[in-house]
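The values are calculated or read from the model by the stated rules, or taken from the named source; none is laboratory data. Bear in mind the structure is a predicted one, so any value in this text is a computation, not a measurement. Positions of Cβ are backbone-derived with ideal geometry, glycine not excepted, and every protein chain shown enters the neighbour counts.
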């Protein structure tokens, strides 16, 4: 190989390395680019209060993404996750409010409701039970995960609509609302929960 070939080869290797780096880190690069663009268009975008607000809004999606990461790592897919989150949340609301009666209306009181921990345990139990049922169908019955979770999506969504009657639910206790609206040292509680879950995962 002469010097001219070597001179042409080095820039090409650099270009290939740059392309490889960009393909491997496309998600964080795209995220950084979005932050820069938004900061230019709206200088208050990087204000600490706005950052905390954005983090609070994405914390629920982040919790779901943690679980989906393990599904994807095993070459699986779960189409039912959104519907199952809705159903689990409704069951938690049912337990927190003490039943499906007139108190389920918007703005109703919850003086006769159950402790928050019971609502959380009920929601987790529903999520684990439905997830285990789908996992059993995939691993034991050898049904493709796409088919199983597509059926789960429809079933769980229908159950959630049947459970709630398609109406809004509110009027929870202050202890219950604190987990979604409270703050610790000015940091929203959902953000703290998300980071704790991410560290554990």
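Quick rundown of the values:
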| read-out | value |
| --- | --- |
| Residue selected from the stretch 37-56 under the condition more than 24 Å from residue 197 (Cβ to Cβ) and surrounded by 11 or more Cβ atoms within 10 Å (Cβ to Cβ), by the criterion modelled with the highest pLDDT | 37 |
| Residues satisfying the stated conditions in the stretch 1-29, i.e. surrounded by fewer than 10 Cβ atoms within 10 Å (Cβ to Cβ) and at pLDDT 80 or above | 27, 28 |
